[in-house]
Amino acid sequence: MLPFVALAFVLVALVIVLEVVSYQSLKRIPAVATEEFPGIDRELLGKFSSFDSELGWCPQPNREKQKDTGDHLPGEEVRSVVTYSTDEYASRVCPATDRDEDADVTVSTYGDSYCFCREVDDDETFQHYLAQELDTHVANYGGGNYGLDQALMRLKRQYPEEETDYVFMVVTASSIARILSVWKHYQEFGNILAVKPRYVLEGDDLVRVESPVDEKEDLLDLESKADFLREYDFHYDHWFKPHYASFPYTPDFFDKPEHLRYALYTGGKELERRAGRSIPGIDFDQAQTQSALRMEQPRVRYHERLFDTHEDLFDALIEEFVDYADEQEFTPVFVMVQQLRYAKYESEHGPIYGDLLDRLDESYDDLETIDMARHLDPDDGVESLYVERGEGGHYSPETNQEIADVLAEVVEADQ
């Protein structure tokens, strides 16, 4: 009897160990949600310096931050620290040219982190290069994780303070998901501080739904706003719940080989960090990044479906942009750029946004449109357009120069 009891204890202990390992591993995998309401403490809240009660979050004026992009291995010299600076308008600094009210042409840009030009220095943004080409200041009002909705909201708030002849709206295809979001965590697991307003369509009318968070302190008790978040965030039912891991965790972890690979690569990076040096012959950082990109493919296909099911909301936001341009008398330009995960997918399957740009051209005579994928033709594969390491594939300085050339043509054609 005793051997059987001992065996039972061993099996129970093994199951418990597997459950703990599986749960802890799943918590670190970006494609899996393990909690609906992760805890937010005051220390984390204190680091949320970009909180904005109207927009959810927004770059703050007169700031300078240095960011280690991760372009190095443990024990190596840090080679890629970039500087993000904002001016008194909370626009990213444009070193090439100062503002000049008497300039022949004025330009501003709004959009997401690809507009902000994350992962490159202030003098490596496409706005900097565009300013050099046009010999005029180019304002940069990009915001990390912004969708077309937040970019439009920021435009309406900011434009009266800085009127320009041209406004470039620069976003990625992920905007289709972001305009359906109220709490980023429901689609970007772990992004727990990002609560935002959004627009909904009521008939043909675009109606703004304000953020349920009026003050930063409200983020400490998001669970009390659960009904609102679940109702107005489309992704709660359609993305979060299908990717929510619950007890028992072992099947969720071991049923998908990519989960196991990602966990092994993450463990390798942790070993390198503790040892203070890299393991020869293995680039765990690159392997982890490639694993994450593979896990992103279902999200890309999900976003592709959203362009089929929710193009009416996207089109309504574009119409609002065009109407506001007509009201304020500036030239509106819509620019679609690509995240790395989309570029890799679209190189094989075509653009996930379908004929969006062609439809916009047919619908709005006053709107200029640019599909940047049609202008950027890398010789060494799509990866060569982006920074080599770091947070996930923003455009390199060389690509930003190419983007500036394309945008300059729009302005120069009217002069």
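The values are calculated or read from the model by the stated rules, or taken from the named source; none is laboratory data. Note that the structure is a prediction, hence the values are computed from the model and not measured. Positions of Cβ are generated from backbone atoms using ideal geometry, with glycine treated the same way; all protein chains shown enter the neighbour counts.
Evaluated against (1) buried (at least 16 other Cβ atoms within 10 Å of the Cβ); (2) at pLDDT below 95; (3) over 20 Å from the mean Cα position of the chain (by Cα); (4) not in a loop (DSSP other than H, G, I, E, B), Arg299 falls short on exactly one condition, (3). Within region 281-295, the set of residues being crowded, with 19+ Cβ neighbours inside 10 Å and either in contact with a Lys or Arg (Cβ under 6 Å, 6 or more places away or on another chain) or under 30 Å from Thr331 (Cα atoms) (or both) comprises Phe284, Ser291.
Taking every residue in region 245-258 that is modelled with pLDDT of 85 or more and pairing it with any residue that is of a type outside the set (A, V, I, L, M, F, W, C) and outside any helix (DSSP H, G or I), at least 6 positions away or on another chain, the pairs with Cβ-Cβ distances below 6 Å are Ala245/Thr34. For Tyr146, indicate whether it is surrounded by 24 or more Cβ atoms within 10 Å (Cβ to Cβ) and touching a residue at least 40 places away in the same chain (Cβ under 8 Å). The answer is no for Tyr146.
Looking across region 101-116, the residues that are more than 13 Å from Leu134 (Cα to Cα) and in contact (Cβ under 8 Å) with a residue 24 or more places away in the chain come down to Thr109, Tyr110, Gly111, Asp112, Ser113, Tyr114, Cys115, Phe116. All of Tyr244, Tyr232 fail the test of being among the aromatic types (Phe, Trp, Tyr) and closer than 30 Å to Asp323 by Cα, apart from Tyr232. Considering (1) in a loop (DSSP other than H, G, I, E, B); (2) surrounded by 24 or more Cβ atoms within 10 Å (Cβ to Cβ); (3) out of contact with any His (no Cβ under 8 Å at 6 or more places or on another chain), the lone condition that Tyr141 does not fulfil carries the number (1). Taking the criterion of being over 21 Å from Met336 (Cβ atoms) and assigned to a helix (DSSP H, G or I), the residues of region 82-127 that qualify are Asp122, Asp123, Glu124. If the condition is being of a type in the set (S, T, N, Q) and either outside any loop (DSSP other than H, G, I, E, B) or touching a residue at least 60 places away in the same chain (Cβ under 8 Å) (or both), then region 128-138 contributes only Gln132. Among the residues of region 38-60, those that are exposed (fewer than 14 other Cβ atoms within 10 Å of the Cβ) and either part of a strand (DSSP E or B) or over 21 Å from the mean Cα position of the chain (by Cα) (or both) comprise Gly39, Asp41, Arg42, Glu43, Gly46.
For Tyr199, the criteria (1) assigned to a loop (DSSP other than H, G, I, E, B); (2) touching a helix residue (DSSP H, G or I) at 6+ places or on another chain (Cβ under 8 Å); (3) of a type outside the set (A, V, I, L, M, F, W, C) hold in every case but one, which is (1). Only one entry in Glu320, Glu329, Glu368, Glu346 is out of contact with any strand residue (DSSP E or B) (no Cβ under 8 Å at 6 or more places or on another chain), of a type in the set (D, E, K, R) and under 30 Å from Gly203 (Cα atoms), namely Glu329.
Here's the yes/no breakdown for (1) of a type in the set (D, E, K, R); (2) in contact (Cβ under 8 Å) with a residue 24 or more places away in the chain; (3) more than 28 Å from Glu133 (Cβ to Cβ):
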site	(1), (2), (3)
Asp312	yes, yes, yes
Ile352	no, yes, yes
Tyr395	no, yes, no
Ala413	no, no, no
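Of everything in region 86-138 that is among the aliphatic types (A, V, I, L, M) and under 15 Å from Glu161 (Cα atoms), the residue that is surrounded by the most Cβ atoms within 10 Å (Cβ to Cβ) is Val138.
Among the residues examined, Val81 qualifies as modelled with pLDDT under 95, surrounded by fewer than 19 Cβ atoms within 10 Å (Cβ to Cβ) and aliphatic (A, V, I, L, M). For region 23-47, a residue qualifies if it is under 14 Å from Thr266 (Cβ atoms) and either touching a residue at least 12 places away in the same chain (Cβ under 8 Å) or of a type outside the set (S, T, N, Q) (or both), and the qualifying residues are Ser25, Leu26, Lys27, Arg28, Ile29, Pro30, Ala31, Val32.
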